[in-house]
Amino acid sequence: MTERVVILGGGTGGTVLANDLADRLEPELDAGDVRVTLVNDDPDHVYKPVWLYVPFGQREPDDGRRSLDTLVDDAIDLRIDHVSDIDTESQQLESMEGSDVIEYDHLVVATGSTLEPDRIPGLAGGGHDYYSESGATDLRDELLSFTEGELVLSVIGTPHMCPAAPLEFVFMADDWLRERGLREDVDITYTYPIQRVHGNPHIAEWARPIMEERDIAVETFFNAESVDPDAETITSMEGTELDYDLLVTIPPHRGVDLIEEAGLGDDGWVDVDKHTLEAEAAQNVYALGDTADTGVPNAGSVAHYQASVVGQRLASEIRGRPATATYDGKTLCFIETGMDAASFVEFDYESPPSPAPPSEKLHWSKLAYNESYWLTARGLL
Amino acid sequence: MTDIEPDETVDARGAACPGPLMDLIGKIRSAESGDVIRLLSDNDQSLTDVPEWSEEAGNELLAVEEFDDHNAFYVEKA
């Protein structure tokens, strides 16, 4: 009997896992003992870190898109479909068309994050973002002709994708405006929901002095309540109102509705054992990447490392051996500190980050990795 | 022990910092004025985060109950 593995979501986690399994389970796939299906609602794979550079005119959204069928091993069944229901009791998925069901013996949910700007009144009309293709290109249209006034970056909710990216954006904007002789005409303000400038205290402690040195104003304990696009103001739950000429936000995030409807967790995040990545509410279900509620950053490196753990565990289970691989919280992240310098952090559940001194070498390392990312997606790097 | 009856409870036990505070803020965001939210957290950072934010936002921290493995914070939305 063929054992069926279904991966729901073709982002970094899902794609790396599919290719990992194609390699790891090659004999079983060749023999027809195992079938691995990757289901995604878009024929393209999207590499989101490209979007940070789009507003500065340095990259195009298409640089972050490639067809999934060019990235995924031929041994994997690639199905472009929109799943409308996960039934963990009968172990099957329903697609939007409803013509057939997708049955599984092992399910991996890797559906990622979505944006919810409508949760904040006025945000969709007043705010820009670089957390979507259209957001990044709209912001580019504004930023490239922005020469004076108040630039406000507001982090509205956590968790959000790439926790370093808000810091990166203001560091890059500061440097980019200085290089163009415009910095004295632009005030930059950064807001964050808690009492420091980043969720991780070690990164916050590192970033705060750099912000002071670069004259980036900071508003902490700022949880946006509403935006008034006509008056060009953003107001917080704590009662602070900021004027803006250009508002860049990290919109509220959530996972997909399917997950809550399936009883796997709240707000679209799957409750998991943070070491085994097994869903707590259902048998034979894993989650990885943004979808897995582990408390670590929603970052590509996390999805990448978790995919390897889930790949090893699935292979063990399919071969009837005890699954021993566990995820230790490993996270890697480059942090741009300007247009030609970057820092780097590496941490896990037990070891806190210690940001490396910013350097040009690290900046180029980040850009080089972004170029070679496609090897990661293919399971080669 | 407190006899405060919360309108809603947020169980953030197991969440890493700043998860518990952000979970509380999310719940307060959708609550009505006068509602009492109970936050359960086993993260020690909440002992400073929650009082600081409550004061900053003008909400009232009514009580903190200490248990062996977690704390319960009762916050009333202004």
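The values are calculated or read from the model by the stated rules, or taken from the named source; none is laboratory data. Worth saying up front: this structure is predicted, and the values here are computed from it rather than measured. So basically every Cβ, Gly included, is an ideal-geometry build from the backbone, and we count neighbours across all protein chains shown.
Where residues in region B:15-34 are in a loop (DSSP other than H, G, I, E, B) and surrounded by fewer than 17 Cβ atoms within 10 Å (Cβ to Cβ), which of them is nearest to the other protein chains (Cβ to nearest Cβ)?
Taking the candidates together, the pick is B:Ser33.
Taking A:Asp266, is it in a strand (DSSP E or B), acidic (Asp, Glu), within 10 Å of another protein chain (Cβ to nearest Cβ) and without any contact (Cβ under 8 Å) to a residue 40 or more places away in the chain?
Considered against the rule, which asks whether it is in a strand (DSSP E or B), acidic (Asp, Glu), within 10 Å of another protein chain (Cβ to nearest Cβ) and without any contact (Cβ under 8 Å) to a residue 40 or more places away in the chain, A:Asp266 comes out as no.
More than 14 Å from chain B (Cβ to nearest Cβ) and out of contact with any Phe, Trp or Tyr (no Cβ under 8 Å at 6 or more places or on another chain) - does that describe any residue in region A:327-337?
No, every residue in region A:327-337 fails to be more than 14 Å from chain B (Cβ to nearest Cβ) and out of contact with any Phe, Trp or Tyr (no Cβ under 8 Å at 6 or more places or on another chain).
Filter region A:167-202 for residues that are in a helix (DSSP H, G or I) and either aromatic (Phe, Trp, Tyr) or within 12 Å of chain B (Cβ to nearest Cβ) (or both) and give the result.
A:Phe169, A:Phe171, A:Trp176, A:Pro201, A:His202
Inspect region A:132-140 for any residue being outside the structural domain of A:Pro297 (by TED's automatic domain parsing), more than 19 Å from A:Phe221 (Cα to Cα) and surrounded by 23 or more Cβ atoms within 10 Å (Cβ to Cβ) and give the result as yes or no.
yes
So which residues in region A:155-165 are away from every other protein chain (no Cβ under 14 Å) and under 22 Å from A:Asp245 (Cβ atoms)?
Answer for region A:155-165, where residues must be away from every other protein chain (no Cβ under 14 Å) and under 22 Å from A:Asp245 (Cβ atoms): just A:Ala165.
Of these, B:Ile4, B:Ile37, which one is part of a loop (DSSP other than H, G, I, E, B) and either small (Gly, Ala, Ser) or more than 10 Å from chain A (Cβ to nearest Cβ) (or both)?
B:Ile4
How many residues, within region B:40-55, are surrounded by fewer than 20 Cβ atoms within 10 Å (Cβ to Cβ), more than 9 Å from chain A (Cβ to nearest Cβ) and not aliphatic (A, V, I, L, M)?
Matching residues across region B:40-55 total 4.
For the subset of region A:130-147 comprising residues that are touching a residue at least 60 places away in the same chain (Cβ under 8 Å) and in a loop (DSSP other than H, G, I, E, B), which member is farthest from the chain's Cα centre (by Cα)?
Residue satisfying both the conditions and the ranking: A:Phe146.
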